[in-house]
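Structure, as structure tokens:
The values are calculated or read from the model by the stated rules, or taken from the named source; none is laboratory data. What you are looking at is a predicted structure, and each value in this text was computed from that prediction instead of being measured. In this analysis, Cβ positions are derived from the backbone assuming ideal geometry, glycine residues included, and neighbour counts consider all displayed protein chains.
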Amino acid sequence: MIRFLLDQELIELTSVSPDLTVLDWLRIHRQRTGTKEGCGSGDCGACTVVLASVDETKGGQPQLSYQSINSCITFVGALHGKQLITVESLATDGELHPVQQCMVNEHGSQCGFCTPGFVMSLYALYQQDADTEILKTKVEQALGGNLCRCTGYRPIIQAAENALDIKESAKDQPELSAKESTTINKLVQINEEPASIVGFYQPDNLPAFATYLQNNPTARILAGGTDLALEVTQQMRDLPSIVSVNAVPELKSIQLRDNHIELGAAVTLNECMSVLQGRIPGSRELLLRFGSDQVRNQGTIGGNIGSASPIGDLPPLLIALHANITLQKGDDVRTLALEDHYLGYRQTTLQSGEFIRSVSIPLPAAESHFSVHKISKRTDDDISSVCLAVHLPMHNGVVNNARLAFGGMAATPVRAKDAEDRLNGTKFSQASVLQAQQAIAMELKPLSDARASAAYRLQVAQNLLQRVLLEVQSS
Ligand SMILES: Cc1cc2nc3c(=O)[nH]c(=O)nc-3n(C[C@H](O)[C@H](O)[C@H](O)COP(=O)(O)OP(=O)(O)OC[C@H]3O[C@@H](n4cnc5c(N)ncnc54)[C@H](O)[C@@H]3O)c2cc1C
Ligand code: FES
Ligand code: FES
């Protein structure tokens, strides 16, 4: 059974299709049509809803954590053990929620169609447990996955700031309302049983997950679904058998060691950002440009590696740092360098019944330059045309063991090994960069596609190395 709360109502689903999206469930099965469908691919935010889940990590009493997600690319199984909140949920006793009232006051609803999505993204921000001034700095981030194509964001941003001021003035209210306590109790109870219906299984421990996948190797592994669900909504495929990583604690673990970080495959991209920022230069800036908050709340590091896209954003960063991945099949575990995992376009060493368990990320060497650069057509909520991550360990200015890892420059994420050779053993200078740029032109053969031509990509790749030189010279 899949069990979750729709507001305070307990929903128990026993016979739905495992690839039914939350959006379709809401609109078709429940006639909750406030949530809109714009793109059906996670790009526009019109379908944004909020999930509340129990967060035990903050010490003291459990709290609810609120996250915006795109309901068009979320399967109903992902609701298990959570509370689903839609735009219809917000008004109480006929009184609009502050984010709704402020949108009205500021004329933030222009076309109207995208408005429920904007409201839900702002509601997720409003519900965050942080100081008002900090939340105000996150308004644009919270709205990065909601597209307004008619007039503009100014009234919407103003509405967000006004709503946060209202929250600040209501600060004296008890921290946890009676309603939230009830929700927590209900969710804790629901989570005692793992989700399981025909075609969908969400085990709650690693041995159960590994055994299930070994015995059902055709089951598709579901993490955030931000790639997988597109097979259903864009390619019109059926996914009759799904196994989810999302309730396996071992796959969600985060371990900070002296010189490396170990992340479970199901750690979300927003969780990755909290861990990597301040430890790996440029990681926060890269991850802030990875999709949108909705995508980062759902999408995982394991899914980014598992989708094996040549333009995935994390593989270049991870390969430049010489990251290893640990794979598991049944009880058998193996570890390999991430760069060796990719065999060809969307082909990897992953065997039938095997899964990515964790990623081990060495921190940049003490005396080194590390940076990462994403070039895309649009700054926010867009996929890379080219991504370069550079790790240049240096001793007295001489480079040793340089690693240049590119996305968008071949059928897989790749290192430019000849270019690295030109940098190794020399001072990082204009002369060595020129040599490396020539090597890049010889060894990398990018594709032309809708995002960029091969010639553009090659030029950008070379220019990015020049940018790295300027960074090093100015640091
Ligand atoms: C609007 C939008 C914007 C996006 N922007 C970006 C972007 O800026 N940069 C970028 O790199 N990507 C982007 N993506 C793609 C996607 O969000 C990422 O690739 C994300 O990391 C996928 O993670 P997931 O957890 O959602 O994977 P899922 O969709 O759940 O899975 C992806 C694939 O990996 C497999 N898989 C998942 N977990 C495992 C595991 N533990 N072991 C083995 N296989 C596994 C799945 O079976 C599936 O084949 C975007 C997607 C959307 C919809
Ligand atoms: S409908 Fe566009 S993001 Fe879901
Ligand atoms: S308000 Fe809907 S597109 Fe601008």
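Before moving on, here are some points about what is shown:
- Some residue of segment 389-402 being surrounded by 21 or more Cβ atoms within 10 Å (Cβ to Cβ), among the aliphatic types (A, V, I, L, M) and out of contact with any helix residue (DSSP H, G or I) (no Cβ under 6 Å at 6 or more places or on another chain): yes
- Segment 111-131, residues that are crowded, with 16+ Cβ neighbours inside 10 Å, away from ligand 2 (no atom under 14 Å from the Cβ) and either among the acidic types (Asp, Glu) or without any contact (Cβ under 8 Å) to a residue 60 or more places away in the chain (or both): VAL119, LEU122, LEU125, TYR126
- Summed over segment 123-154, residues that are within 13 Å of ligand 3 (Cβ to nearest atom), more than 15 Å from ASP381 (Cβ to Cβ) and of a type outside the set (Lys, Arg) total 3.
- Selection from segment 376-388 of residues that are surrounded by fewer than 21 Cβ atoms within 10 Å (Cβ to Cβ) and either in a strand (DSSP E or B) or of a type in the set (A, V, I, L, M, F, W, C) (or both): ILE383
- Subset tally (residues that are in a loop (DSSP other than H, G, I, E, B) and either acidic (Asp, Glu) or more than 14 Å from PRO316 (Cβ to Cβ) (or both)) for segment 412-427: 3
Each row is one residue, and each column tells you yes or no for (1) assigned by TED's automatic domain parsing to the domain that holds GLY299; (2) within 16 Å of ligand 3 (Cβ to nearest atom); (3) under 18 Å from ARG3 (Cα atoms).
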{"position": "LEU20", "(1), (2), (3)": "no, no, yes"}
{"position": "LEU23", "(1), (2), (3)": "no, no, yes"}
{"position": "GLY34", "(1), (2), (3)": "no, yes, no"}
{"position": "GLU37", "(1), (2), (3)": "no, yes, no"}
{"position": "GLY40", "(1), (2), (3)": "no, no, no"}
{"position": "ALA46", "(1), (2), (3)": "no, yes, no"}
{"position": "ALA52", "(1), (2), (3)": "no, no, yes"}
{"position": "GLN63", "(1), (2), (3)": "no, no, no"}
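- Segment 283-308 residues that are of a type in the set (Asp, Glu), paired with ones that are more than 16 Å from ligand 2 (Cβ to nearest atom) (beta carbon under 8 Å, 6 or more apart): GLU285/VAL372; ASP293/GLN141; ASP293/ASN270
Residue-by-condition table, conditions (1) within 14 Å of ligand 2 (Cβ to nearest atom); (2) within 14 Å of ILE85 (Cα to Cα):
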position: ASP43; (1), (2): yes, no
position: ALA46; (1), (2): yes, no
position: SER53; (1), (2): no, yes
position: GLU56; (1), (2): no, no
position: GLN61; (1), (2): no, no
position: GLN67; (1), (2): no, yes
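- Taken together, the residues in segment 121-160 that are under 20 Å from VAL295 (Cα atoms) and among the hydrophobic types (A, V, I, L, M, F, W, C) amount to 9.
- A Cβ distance below 7 Å, combined with a sequence gap of six or more or placement on separate chains, defines the contacts here; from segment 191-215, residues that are crowded, with 19+ Cβ neighbours inside 10 Å reach residues that are in a helix (DSSP H, G or I) in the pairs ALA195/GLY77; PHE200/GLY77; TYR201/TYR212; GLN202/GLY77; PRO203/PHE209; PRO203/TYR212.
- Across segment 418-461, the number of residues qualifying as under 11 Å from PHE406 (Cβ atoms) and out of contact with any Phe, Trp or Tyr (no Cβ under 8 Å at 6 or more places or on another chain) comes to 7.
- Output for segment 132-150, where each listed residue is free of Cβ contacts under 8 Å to residues at least 40 places away in the same chain, in contact with a helix residue (DSSP H, G or I) (Cβ under 8 Å, 6 or more places away or on another chain) and more than 20 Å from GLN110 (Cα to Cα): THR132, LEU135, LYS136, LYS138
- Residue check, ASP340 over 30 Å from THR48 (Cβ atoms), of a type in the set (D, E, K, R) and more than 16 Å from ligand 3 (Cβ to nearest atom): yes
- The set of residues from segment 428-446 being within 32 Å of the chain's Cα centre (by Cα) and outside any helix (DSSP H, G or I) comprises LEU444, LYS445, PRO446.
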